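The values are calculated or read from the model by the stated rules, or taken from the named source; none is laboratory data. None of these values were measured; they are calculated from a predicted model. When we count neighbours, we look across all protein chains shown, and the Cβ atoms used for this are built from the backbone with ideal geometry, even at glycine. What goes into the accessible areas is simple: the full protein's heavy atoms, side chains included, and nothing from ligands, DNA or RNA. Shrake-Rupley method; radii C 1.70, N 1.55, O 1.52, S 1.80 Å.
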2 protein chains.
Amino acid sequence: MLINALPEEKLDPRVKRTRQLLEEAFSELIQEKDFQSISIQDITVRAGINRATFYAHFPDKYALLDYKIRQDFRAEIEKRTLSACHFSGENLRVLIFAVCEFVGTTNHQCKSPRGKFEPFMEAQVKGQVKDLLLTWLGQMEINSRVSPEIAATAASWAIYGLAQYWNWEKERIALEEFVEQILPLVEAHLQLSRV
Amino acid sequence: MLINALPEEKLDPRVKRTRQLLEEAFSELIQEKDFQSISIQDITVRAGINRATFYAHFPDKYALLDYKIRQDFRAEIEKRTLSACHFSGENLRVLIFAVCEFVGTTNHQCKSPRGKFEPFMEAQVKGQVKDLLLTWLGQMEINSRVSPEIAATAASWAIYGLAQYWNWEKERIALEEFVEQILPLVEAHLQLSRV
DNA sequence: GCTCCTCTGTTGCTTATCCAACAAAAATCG
DNA sequence: CGATTTTTGTTGGATAAGCAACAGAGGAGC
């Protein structure tokens, strides 16, 4: 049994079930106590899954955290139907909005100190944002001095960084306003790789 | 893999999971459509369980219906902490109350015509009521002309019959009042087997 | 009557999960 | 610090669940 990350579709029903149960149990626990103090036993007992089975899916609890964040962010993207979209200023705005809110709520509903799992969130979110942007750019005529890779990388880092910045602020301006401000900035990254 | 009915406790987690999923799926379906028109495929697809696995647990959908009713009525008894009780007028009243309500709500939340699965409910409920009464009687000093078996049988039939009668009435009196009326009747059955 | 289709049980084989046991790492306590 | 307990990964063998295929029963429509 492998941990094949991306194609979550045609999967053995047992595998789907097991992962979902583990994820749900983990979700509950992460809201109750600090991430560090959650043992693998805690998770498997609550999920009703054998401990050995856990290791058949994830090497450790960090991998499960990673998996969960990926799933959550994916769901967020799906919910806003961004994955099936094309590039546009409006869609970009929605994307930035989604990232800001995701970082905020995820940070908020976890009992752990921020520094402990923000790195995981950062990696996942940046990665997926970059992939999404690449898809968008790939659908367009490209003729530029900057490769899509470079542009998407820069934009994804910028978006995440700004989302984190906004969420850390003590006195935050309205999210709508904030996004309005940074939208042209991010757009510039991408425009450079367009015709 | 066997269908060992009674000891639901120390059971393979996989078995517990599978049965619960089947039961949940069946619960949903029974509220949506007629029992006859529910196929085993419907159930297994909704539950995310392989069809062959169904047959490893139940010979047919009637057995699942039976199982579900048993589980539900058990839960009802547990909820009212009757299973851990002794015989008393008050507990008997609660038991009759429970049967009346159970018959009513179960009949109500199923789309099927009454005649189709009431026999199943009847068998299950009467059986469990009888078992419970036997337990109660067994805890007491017995010295009578009537064996506990006979007394419990009579009482369980009477209770179920009256519960059904009450639920079929067009103009029903308050359940409390009804139970009050029949309590002495049922009690008489049981008293005959006591000291 | 006939065909077409769905549902039903059942089968052999594959795969995922369970379980008990283990040694080693890590945490806890005095 | 050492001693005890918990947690961690890992293993081999047992068992449940998945899957594809099958023949047969029943229904719908022609």
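Looking at B:GLU101, B:GLU24, B:GLU28, which one is within 30 Å of B:TRP168 (Cβ to Cβ) and within 14 Å of chain A (Cβ to nearest Cβ)?
Working: B:GLU101 fails: within 14 Å of chain A (Cβ to nearest Cβ); B:GLU28 fails: within 14 Å of chain A (Cβ to nearest Cβ).
So the residue among B:GLU101, B:GLU24, B:GLU28 that is within 30 Å of B:TRP168 (Cβ to Cβ) and within 14 Å of chain A (Cβ to nearest Cβ) is B:GLU24.
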Within the range A:8-18, does at least one residue satisfy the condition of being modelled with pLDDT under 95, within 24 Å of A:VAL103 (Cβ to Cβ) and either more than 14 Å from chain B (Cβ to nearest Cβ) or open to solvent by 30 Å² or more (accessible area, probe 1.4 Å) (or both)? yes
Residue that is farthest from the other protein chains (Cβ to nearest Cβ), among those in the range A:31-48 that are loosely packed, with under 14 Cβ neighbours inside 10 Å and among the small types (Gly, Ala, Ser): A:SER37
Test each condition in (1) under 18 Å from the mean Cα position of the chain (by Cα); (2) in a loop (DSSP other than H, G, I, E, B); (3) within 14 Å of another protein chain (Cβ to nearest Cβ); (4) not basic (Lys, Arg) for A:CYS85 and report the one that comes out false. (3)
Of (1) open to solvent by 80 Å² or more (accessible area, probe 1.4 Å); (2) away from chain B (no Cβ under 14 Å); (3) within 16 Å of DNA strand D (Cβ to nearest atom), A:ARG51 satisfies all except one. Which? (2)
Looking only at residues in the range B:72-82 that are over 20 Å from B:ARG19 (Cα atoms) and hydrophobic (A, V, I, L, M, F, W, C), which one is nearest to the chain's Cα centre (by Cα)? B:ILE77
Pair list, Cβ < 6 Å and 6+ apart or interchain, from the range B:157-169 residues that are without any contact (Cβ under 8 Å) to a residue 60 or more places away in the chain to residues that are assigned to a helix (DSSP H, G or I): B:ALA158/B:VAL186
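Would you pick out the residues in the range B:54-70 that are more than 16 Å from DNA strand D (Cβ to nearest atom) and out of contact with any Ser or Thr (no Cβ under 8 Å at 6 or more places or on another chain)?
Matches in the range B:54-70: B:LEU65, B:ASP66, B:ARG70.
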